[in-house]
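Participant: This is the structure I want to talk about, given as structure tokens.
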Amino acid sequence: MDQRAPLTLLTDDQEMLVTEVRRFCDEVVSPRVREMDEKGQLDPAILEHLFEMGLMGIDVPDEYGGSGMGFTEAILVIMELARVDPSVSVVCDVQNTLVNNAIRRWGTEEQRRTWLPQLASKIVGAYALSEASSGSDAFSLKARAEKTDGGWKITGNKLWITNGKEASLFLIFANVDPSKGYKGITCFLVHRDDAGFSVGKKEDKLGIRASSTVELVLDGVVVPDDRVLGEVGKGYKVAIETLNEGRIGIGAQMVGLAQGALEHAIAWAKEREQFGKPIASFQAIQTALARMDAEIESARLAVLNAARLKEAGRPFVREAAIAKWIGAEVAERAASIAVEIFGGYGFTKDYPVEKLFRDAKIGKIYEGTHTMQLLTIAKGLLA
Amino acid sequence: MKILVAIKQVPDKNARLQIDESGTRIVETDLSWEINESDRYAVETALRLKEARGDGEVVVVTLGPERARKAISSALAMGADRGIHLVDPDFQGGDPLCVARALAAVTRAEDAPLVLCGTRADDDGYGETPILLAGLLDRPAVFLTIGVEPLDGDRLRVVRELEAARQEVSEIPLPAVLGIQSGIFDVRFTSLKGIMAAKKKPVSQPTPTELGLSAEQIGKAGRRLEVLSLAPPEKKGQCEFIEGKPEEVAATLVEKLRREAKVL
Ligand SMILES: Cc1cc2nc3c(=O)[nH]c(=O)nc-3n(C[C@H](O)[C@H](O)[C@H](O)COP(=O)(O)OP(=O)(O)OC[C@H]3O[C@@H](n4cnc5c(N)ncnc54)[C@H](O)[C@@H]3O)c2cc1C
């Protein structure tokens with residue numbers, strides 16, 4: 001794409017992609033949103049479609065069985081999915097921006113050939129960095145890996161792992177030598193069937209309830225040497241750099257969510273009458289909608305620009321943090337105002353904005369809290 | 001077997017249409033476009049036939065300006081093999097008979113035993129093109145088709161939807177023309193690989209001369225049907241809300257249907 005074209009102007013391929021994802025959302029996702037939220041479970045039919053359409057390997061190159069599109073296309077898909085269900089969106093987001101991305105970037109040719117075709121077509125991946133005692137301070141993680149003959153033995157617990165219930169492949173971060181601090185952190189590819197590995201408790205959450213968040217237990221899981229992703233002791237780099245890209249994805253998820261809230265609010269404002277007129281005729285409602293739109297547009301531009309910088313091979317740490325920060329701000333506000341525009345109806349589960357309001361909160365927590373994004377931005381400013 | 005699918009690009013179903021100053025056409029600037037709905041089902045039917053037989057070629061043809069190229073790309077992304085775009089200015093602006101003549105010429109040039117069309121276009125709604133096409137080609141035709149199955153010896157088993165929840169099953173020999181009804185099954189979701197593959201598929205742009213057509217047979221020059229005016233329907237009728245407990249509402253409604261509407 002011409003690097004100087006307007007950010008919101010889509011190529012023909014992107015337009016076709018967005019149209020089709022939107023049709024998928026309307027026909028397949030939308031009718032299932034409420035039940036999935038209530039049960040706290042992803043409908044397997046949705047996962048099947050995600051694979052069939054190629055949405056689980058969007059920017060995995062053709063030669064590795066992927067869809068052969070780019071990062072911006074992944075971002076557009078994450079945004080569209082979130083418009084209808086932010087839970088489905090994050091399933092796709094973690095697969096594309098974290099798992100596939102890390103394997104492509106840091107994997108050996110053999111690892112890519114082994115894992116990417118499976119990830120693009122049939123297996124779900126998860127990214128396991130956080131633990132009960134290490135969140136923002138991720139590198140203080142306690143999971144340990146000890147060298148064995150021809151491999152590694154991993155012991156520890158991971159918490160809050162998205163996609164954990166459905167996943168077959170887990171990127172596990174563990175320290176091989178705590179005396180070296182973060183320079184001991186190493187990334188391992190662990191399979192669900194590896195002996196000693198098990199999935200623990202599933203969290204009962206406020207929002208994005210259809211996306212599973214689980215604890216992982218690694219009780220002396222032994223993996224061969226070819227399951228180390230990247231270099232031994234360089235796992236911190238894998239973690240940081242993948243999360244930078246991941247943040248653009250979360251920004252996209254939040255922009256999509258906000259857009260969904262705005263669209264629901266507009267439809268309601270035109271339909272709902274009070275004092276003998278549609279509430280959309282009141283200027284207070286109009287300015288609320290306009291403000292949502294203006295905020296969403298600015299967040300969308302931040303997200304798309306960060307994606308474009310990444311694709312252009314330029315530095316984008318600041319822009320990714322900004323994209324996630326502003327996306328989360330805007331989503332929370334848009335969803336909240338949408339609830340108010342719906343009035344009492346908005347406060348019930350019979351209307352979609354109540355769920356979006358709950359879903360929005362996660363944008364300020366995962367892949368680095370809201371404060372952590374600001375600290376990342378500030379670090380650059382003061383360097 | 002080669003299957004030719006005639007598709008039309010129409011304004012997006014949700015688009016807000018405006019009528020231009022001439023009062024005979026809709027304003028096209030800033031509209032978004034899509035493949036006509038029943039034409040999408042025709043493409044899906046063709047792909048399923050090809051898959052069921054394990055061989056064949058699905059060729060999509062569209063008559064329309066430059067923008068209609070996107071409709072071809074969408075069909076190619078769904079899985080069609082090749083596209084034909086009748087984009088030459090001489091093709092544009094005709095009535096259904098002009099379009100049917102152009103499609104008949106393409107069918108002959110392609111020597112396609114089976115032509116699938118959607119039942120009717122969502123924009124101008126003529127629903128004539130496939131019928132005229134079958135006539136020009138002197139082929140048997142089945143419309144309102146909701147199911148097609150290939151049989152041995154170049155015959156097809158075709159199911160038609162009739163009124164009052166009845167279905168008619170018939171058998172027709174090829175060559176033939178079928179008009180496909182929308183809503184008959186799920187149209188596949190286009191995969192991302194499909195979108196990428198579409199870019200490499202050939203799309204030809206034959207001229208009228210290459211198809212053996214003269215200017216008077218097609219497009220504006222061949223048009224005999226003239227649109228005089230286009231306008232939104234006048235809003236008549238009114239809506240009344242009946243309030244109260246369900247039993248009261250029901251009683252009032254029955255009363256009104258009997259006294260005012262006189263339908264009971
Ligand atoms: C639904 C969900 C899904 C998740 N998915 C994954 C996943 O797939 N993989 C994964 O590895 N993790 C995942 N996480 C974990 C997530 O990334 C962490 O929750 C997050 O990084 C915050 O860590 P914490 O919960 O330990 O909070 P803490 O780090 O304890 O933070 C608590 C508060 O203290 C603030 N704080 C902390 N340090 C500072 C500081 N230095 N200065 C100022 N303020 C500070 C924080 O901003 C926050 O407000 C997920 C979490 C949730 C809830």
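Participant: Return the pair list, or none, for Cβ contacts closer than 6 Å from residues in the stretch A:293-314 that are open to solvent by 10 Å² or more (accessible area, probe 1.4 Å) to residues that are among the acidic types (Asp, Glu), at least 6 apart or on different chains.
Facilitator: That search, which allows pairs on different chains as well, returns A:309/A:319.
Participant: Within the stretch A:132-156, track down each residue that is of a type in the set (A, V, I, L, M) and more than 16 Å from the ligand (Cβ to nearest atom).
Facilitator: Within the stretch A:132-156, just A:145 meets the criteria.
Participant: Given the criterion in a strand (DSSP E or B), touching a strand residue (DSSP E or B) at 6+ places or on another chain (Cβ under 9 Å) and on the phi > 0 side of the Ramachandran plot, identify the matching residue among B:144, B:156.
Facilitator: Checking each option against the conditions leaves just B:144.
Participant: Could you tell me which of the residues B:240, B:255, B:163 is under 30 Å from residue A:27 (Cα atoms) and charged (D, E, K, R)?
Facilitator: B:163
Table: residues versus (1) within 9 Å of the ligand (Cβ to nearest atom); (2) open to solvent by less than 40 Å² (accessible area, probe 1.4 Å).
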{"position": "A:343", "(1), (2)": "no, yes"}
{"position": "A:346", "(1), (2)": "no, yes"}
{"position": "A:351", "(1), (2)": "no, no"}
{"position": "A:356", "(1), (2)": "no, yes"}
{"position": "A:359", "(1), (2)": "no, yes"}
{"position": "A:367", "(1), (2)": "yes, yes"}
{"position": "A:371", "(1), (2)": "yes, no"}
{"position": "A:375", "(1), (2)": "yes, no"}
{"position": "A:378", "(1), (2)": "no, yes"}
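Participant: In the stretch A:1-35, which residue that is away from chain B (no Cβ under 12 Å) and basic (Lys, Arg) is least open to solvent (accessible area, probe 1.4 Å)?
Facilitator: Top of the filtered list is A:32.
Participant: I need the full set of residues from the stretch B:188-224 which are in contact with a Phe, Trp or Tyr (Cβ under 9 Å, 6 or more places away or on another chain), over 30 Å from residue A:120 (Cβ atoms) and among the hydrophobic types (A, V, I, L, M, F, W, C), in order please.
Facilitator: B:213, B:218
Participant: Another one. Here are some residues: A:159, A:169, A:129. Which one is within 11 Å of the ligand (Cβ to nearest atom), touching a residue at least 40 places away in the same chain (Cβ under 8 Å) and farther than 15 Å from residue A:239 by Cα?
Facilitator: A:159
Yes or no, residue by residue, for (1) surrounded by 18 or more Cβ atoms within 10 Å (Cβ to Cβ); (2) within 13 Å of chain B (Cβ to nearest Cβ):
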residue	(1), (2)
A:37	yes, no
A:53	yes, yes
A:63	no, yes
A:67	yes, yes
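Participant: Looking at B:82, B:69 in this structure, which one is open to solvent by 40 Å² or more (accessible area, probe 1.4 Å), within 14 Å of chain A (Cβ to nearest Cβ) and among the basic types (Lys, Arg)?
Facilitator: Result: B:69 is the single residue among B:82, B:69 that is open to solvent by 40 Å² or more (accessible area, probe 1.4 Å), within 14 Å of chain A (Cβ to nearest Cβ) and among the basic types (Lys, Arg).
Participant: Now, a different point. Please enumerate the residues belonging to the stretch B:190-212 that are in contact with an Asp or Glu (Cβ under 6 Å, 6 or more places away or on another chain) and facing chain A (nearest Cβ under 8 Å).
Facilitator: Scanning the stretch B:190-212 gives B:190, B:195.
The values are calculated or read from the model by the stated rules, or taken from the named source; none is laboratory data. Just so it is clear, the model here is predicted, and its values are computed rather than measured. No Cβ is skipped: glycine too gets one built from the backbone with ideal geometry, and neighbour counts run over all protein chains shown. These area figures cover heavy atoms from the full protein model, side chains too; ligands, DNA and RNA do not enter into them. Shrake-Rupley method; radii C 1.70, N 1.55, O 1.52, S 1.80 Å.
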